[in-house]
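A quick write-up on the structure given underneath.
The values are calculated or read from the model by the stated rules, or taken from the named source; none is laboratory data. Values in this document were obtained by computation on a predicted structure and should not be read as measured data. Virtual Cβ from ideal backbone geometry, glycine too; neighbours counted across all protein chains shown.
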Amino acid sequence: MVARTRAERSANLSKKIDTDSFLPLTPAMFQVLLALADGEKHGYAILKEVARRTDDKVHLSAGTLYGNLARLESSGMIAESGERPAFGLDDERRRYYRLTEFGRSVAVAEARRMEEALSQARAKHLFRKPETA
Amino acid sequence: MTKNNSSASQKFFGLLMKILPFDFRANYESEMSGVFEEQRRETAQRGGFMDFLKLWGETIAGIFRTAPREHWQIFRQDCRYAFRMMSNNTGYTAIAVLTLALGIGANTAIFSVVNAVLLRPLPYKQGQQLIFIRQQAVKMGVDDIGWSVPEIMDYRQQNQTLSSLVEYHSMYFTLYGHGDPDRVRTGVVSWNYFDMFGVKPILGRAFVPKDDEIGAPAVLVLSNEYWRNNFGADPNVVGKTFEMNDKVHTVVGVLPPIPQYPRENDVYMPTSACPFRSSKSHIDDRDMRMMEVFGRLKPGMTLGQAQGDFSTIATRLQSAYPKSYPEKIGYGIAASQLKSDLTREAQPTLLVLLAAAVFVLLIACANVANLTLSRMARREREIAVRTALGAGRSRLLRQLLTESFLLALIGGAIGLLIAYGSLQLLTDFAARLSPRAREIQIDSGVLLFTLLAAFATSLIFGTISALFSRVNLNSGLKEGTAGAGASQHRNRIRGVLIVSQVAFSFMLLIGAGLMLRSLFKMLRVNPGFETQHALAMRISFNWSKYSTSDQAKEVAKKIVDRIESEPGVTSAAVSSSYPLDPDVLTAGPNTNNFQIEGRLLAAGEAPPMADTDSISPHFFRTLGIPLIMGREFSATDDAKAPKVAIINQSMQRRFWPSADPIGQRISFDDGKDWWQIVGVVGDVHDLGLEHTPMLQVYGPLAQDGGIGTLVIRSVADPAGMGQQITNAVHEVDPTAAISGITTLDGARSESVASPRTTAALLGIFAALALLIATAGIGGIMALTVSQRVKEIGIRIALGAQPSRVLVMVLRQGLLLSILGVVIGLVGAYGLTGLIKSLLFEVTPTDPLTFAGVAFVFVAAALIASYLPARRAASIDPIEALRCE
């Protein structure tokens, strides 16, 4: 069981706040939340995961990544993890981040928003091949 | 090699990180460096140069994208914190904001005037090319002798440096056909006058070459004010006709609202429409000089080149017409930039006021810094906690500067309102100094100045208070034990701030004191006439009704007789002008050369000059000018009688110091006509109380000169008699126009309005400074006493008399103010020379002012220190020791 951090406690409080107020998320923020969906990661790992999953289409620089991490952390969507790798594998400069419950619900809300948009596009036959003259 | 690359990259990355806020770096810098290092290593392994460039591009862009957002976040956070602090300390906030508002407001207000009058380019097309050209009689000390028509023609044709040269003169005419006869100030100008200035009428057209031809139909262009005030901004005014000078005049255009140069006129007419300027005698007479001349430099030409060009023409004219330019007058020509001419008079006053306003702001800064330092003592624990939690010195500085900036910004906003409220007062004041006063407004330049002033202010007082608030972490965290060392250090800084406030305030008060002394001396000047119970006004007759000036004078006599029979009027007279006449103060005296019968001039000696006035018999009696010897003019001194003159005492003292001037004769036309002196009257300060009376010659109106003014002496207060007198005038001549009705008390007061307003503004600034400095001394003494309660308690317990304690505290307050006064004394001694040109009969180092102001400061310091001293003297030693 991971100890609840102050950020998480504040995240729980902010759960009361409508997750919708954070929507739409920027693509970079959504990608960071996605990267943390399957487990905690350090900064460089998040960066690599986003690049791998998007076939290098989304390429975050250190400045952009940490700008987004700061925003997500201050709004309670992610939190610093208390767990660290075994002593020999650890790099003390690294910090590990994990998705909070609140972050997960915001990411889900964003995914639903996109899904809704997608289904509306489908209903409107937006993906139909263009007619040729 | 790779290692070297790595360390250089890390260094550069580290430098880049500096643009991110401190808090962000503290949180993420090490991680970001790690991530960047891994990215760099990976890119190096791939080995592509383009990849390397891409990495750097993305990294730099990412940091530059993140930095503003993070700075903004922290600024918002600091602002929220600052607002919380302010609402928790409403007393401190209110005093600081008010002090800053007064300082910034004073600066904004004065800057709005300086900006409009001195800084902004002229509101004319390429204003820097416009010049004012004066003909001078250097040997006679006359800066501007005016221009005659032949001279204007010569310079216009012969110059190589001007693209155009235009003439101007101003006269009063009476306009009929629009309600009552209206006496209008008329600018008589060349057809291309407005074209040269680049002024386009907002209605109709400007003048065209055809308008300037002799015999052309008379046309008028209305000034914007005259059109608004007298025609209700009627859009159909163009084409309307009026009668003036016995001719029908058609309005052809209306000017935009621009400063009219050289002075404000109601209407403008081309030279052909002016009955004087278009007369043959005027056109042909080289010595009939009454015009002013302006020019526009050809592109690329400089003022120096134009000056050289004009000097060549002047030399040519001197040899061609030696009679018109005799050696003895020292004929010369001078050109100056129009802008410098427009602002010459205003510059010294405005710069002095701006300097005074800056002093007030500096004093306000020192005061708020002092207040903030006092508050710091109370915030020591909070700051120590924040420091302990990891806030670095620069982070705290940033927080404190944000607080300062917000205070200054609120102060600036209120200051802007103060400036806005005082705009009309300042415009009226500046209008006496420059025609550009109408351009005064709160524009983007002024707003930017206010913002910069607020920013600079916050930087000054914020930095002082932040840098000198040494936080002693250990003592700060221990409740109630403010570090003795830190508090002593702060007290020293506070002392320095107080001393500097006193020094600056002292200098301001000296400036204001000198101006006030100068004003009082000016007001004590005996004007040479009785200003009480006297009324003056301008009067114009219908030129078409009276074909000769004798007929007009006959009517004027009837008017005077009629007015003298009015109840409450003791005497009346008509004259060419009256003392302190605002028109004469603006346009200058009517001076003429003269010679005294039987006295020859030495070789190279310039002929004497005198101000000449034409008056009707009861003029001296009406104005209360004393007759020293001889007689006044009488009804028998008419056109047929021998010409007679009355001179003033200055003239008598200069030419007949021990002889009787009565019976002596003088001539103004090289001996053609001789005027016999029949009387001597007292000197009159015609041209302003600060000006020494000129040599003055009065002649009877019946024998020479024109009527311009009507003066009345009454039994009671004449202020409400204007309408009664106007009605009486219209009973005799319904076509006579009356304007500019003023009491002579009013004219006298108006003549000192400019120095009075300057003294008042400086006085307000100085009073403000004194108040701030005195409050500062009181504040620091109260704080010192509260910090020394225990020590004073022990002293009293050990037998110190309360009176000794009182003296001890008073002495400390006195010491601060004396130190400030001494520094201020040195500063004032060096600086008051700058206001020398504004002073009247007071030296810039006037010992009485210096001593008086020093006394005021010492007294103020004693009063300010008295309350804290009394509190110190009444400390109960038992209570004081129990508190600790």
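The table that follows gives values for the structure above.
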item: Only listed residue being without any contact (Cβ under 8 Å) to a residue 60 or more places away in the chain and either closer than 29 Å to B:F520 by Cβ or among the aliphatic types (A, V, I, L, M) (or both), chosen from B:S749, B:S714, B:S754; result: B:S749
item: Of all residues making up the range B:619-635, the number that are buried (at least 22 other Cβ atoms within 10 Å of the Cβ) and under 12 Å from B:A573 (Cα atoms); result: 5
item: Residue in the range B:115-126 that is touching a residue at least 24 places away in the same chain (Cβ under 8 Å) and facing another protein chain (nearest Cβ under 10 Å) present; result: no
item: Candidate set from the range A:50-62 (those that are buried (at least 18 other Cβ atoms within 10 Å of the Cβ) and of a type outside the set (G, A, S)); member that is nearest to the other protein chains (Cβ to nearest Cβ); result: A:L60
item: Residues that are modelled with pLDDT of 90 or more and either over 28 Å from B:L342 (Cβ atoms) or within 26 Å of the chain's Cα centre (by Cα) (or both), drawn from the range B:256-270; result: B:P256, B:N265, B:D266
item: Evaluation of B:G720 against (1) surrounded by fewer than 19 Cβ atoms within 10 Å (Cβ to Cβ); (2) in a strand (DSSP E or B) (one fails), failing number; result: (2)
item: Residues that are in contact with a helix residue (DSSP H, G or I) (Cβ under 8 Å, 6 or more places away or on another chain) and not in a loop (DSSP other than H, G, I, E, B), drawn from the range B:597-628; result: B:M609, B:A610, B:L623, B:L627, B:I628
item: Sole residue being on the phi > 0 side of the Ramachandran plot and in contact with a strand residue (DSSP E or B) (Cβ under 7 Å, 6 or more places away or on another chain), chosen from B:G722, B:G688, B:G682, B:G705; result: B:G705
item: Failed criterion for B:G47 (all others in (1) at positive phi; (2) surrounded by 14 or more Cβ atoms within 10 Å (Cβ to Cβ) hold); result: (2)
item: B:T174 vs. criteria in contact (Cβ under 8 Å) with a residue 60 or more places away in the chain and farther than 12 Å from B:M269 by Cβ; result: yes
item: Test: residue in the range B:150-165 that is modelled with pLDDT of 90 or more and under 26 Å from B:N224 (Cβ atoms); result: yes
item: Answer residue from the range A:49-108, given it is among the small types (G, A, S) and part of a loop (DSSP other than H, G, I, E, B) and is farthest from B:N27 (Cα to Cα) among those; result: A:A86
item: Candidate set from the range A:36-49 (those that are aliphatic (A, V, I, L, M) and crowded, with 22+ Cβ neighbours inside 10 Å); member that is nearest to A:R95 (Cα to Cα); result: A:I46
item: Subset tally (residues that are farther than 16 Å from A:H42 by Cβ and free of Cβ contacts under 8 Å to residues at least 24 places away in the same chain) for the range A:62-84; result: 3
item: Qualifying residue in the range B:666-675 (condition: part of a helix (DSSP H, G or I) and touching a residue at least 12 places away in the same chain (Cβ under 8 Å)); result: no
item: Subset of the range B:694-717 (residues that are out of contact with any Leu (no Cβ under 9 Å at 6 or more places or on another chain) and either part of a loop (DSSP other than H, G, I, E, B) or in the same structural domain as B:V142 (by TED's automatic domain parsing) (or both)); result: B:L695, B:L701, B:A702, B:Q703, B:D704, B:G705, B:G706, B:G708, B:V715, B:A716, B:D717
item: Criterion: more than 37 Å from the chain's Cα centre (by Cα) and in contact (Cβ under 8 Å) with a residue 12 or more places away in the chain - qualifying residue of B:L627, B:L585; result: B:L627
item: Subset of the range B:206-240 [charged (D, E, K, R) and either surrounded by fewer than 14 Cβ atoms within 10 Å (Cβ to Cβ) or over 18 Å from B:G179 (Cα atoms) (or both)]; result: B:K210, B:D211, B:D212, B:E213
item: Conditions (1) modelled with pLDDT under 85; (2) closer than 30 Å to B:A641 by Cα; (3) of a type in the set (V, I, T); (4) in a strand (DSSP E or B); number of the one not met by B:I738; result: (2)
item: B:V496 within 30 Å of B:G722 (Cβ to Cβ), of a type outside the set (F, W, Y) and either part of a helix (DSSP H, G or I) or at pLDDT 90 or above (or both); result: no
item: Filtered residues of the range B:33-85 (kept if within 11 Å of another protein chain (Cβ to nearest Cβ), of a type in the set (S, T, N, Q) and farther than 30 Å from B:R379 by Cβ); result: B:S33, B:Q39, B:T59, B:T66
item: Any hit, the range A:70-82, residues being under 30 Å from B:I19 (Cβ atoms), out of contact with any helix residue (DSSP H, G or I) (no Cβ under 6 Å at 6 or more places or on another chain), more than 14 Å from chain B (Cβ to nearest Cβ) and of a type in the set (S, T, N, Q); result: no
item: Odd one out for B:A67 among (1) loosely packed, with under 15 Cβ neighbours inside 10 Å; (2) at pLDDT 90 or above; result: (1)
item: Selected residue (criterion: nearest to B:Y321 (Cα to Cα)) from residues of the range B:150-202 that are in a loop (DSSP other than H, G, I, E, B) and β-branched (V, I, T); result: B:T161
item: Output for the range B:625-673, where each listed residue is under 29 Å from B:L601 (Cα atoms) and aromatic (F, W, Y); result: B:F655, B:W656, B:F668
item: Options B:A641, B:A659; residue that is free of Cβ contacts under 8 Å to residues at least 24 places away in the same chain, assigned to a loop (DSSP other than H, G, I, E, B) and small (G, A, S); result: B:A659
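Matching residues to (1) in the same structural domain as B:D211 (by TED's automatic domain parsing); (2) outside any strand (DSSP E or B); (3) more than 30 Å from B:V584 (Cα to Cα):
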{"residue": "B:F242", "(1), (2), (3)": "yes, no, no"}
{"residue": "B:Y261", "(1), (2), (3)": "yes, yes, no"}
{"residue": "B:Y268", "(1), (2), (3)": "yes, no, no"}
{"residue": "B:S281", "(1), (2), (3)": "yes, yes, no"}
{"residue": "B:D287", "(1), (2), (3)": "yes, yes, no"}
{"residue": "B:P299", "(1), (2), (3)": "yes, yes, yes"}
{"residue": "B:G304", "(1), (2), (3)": "yes, yes, yes"}
{"residue": "B:I313", "(1), (2), (3)": "yes, yes, yes"}
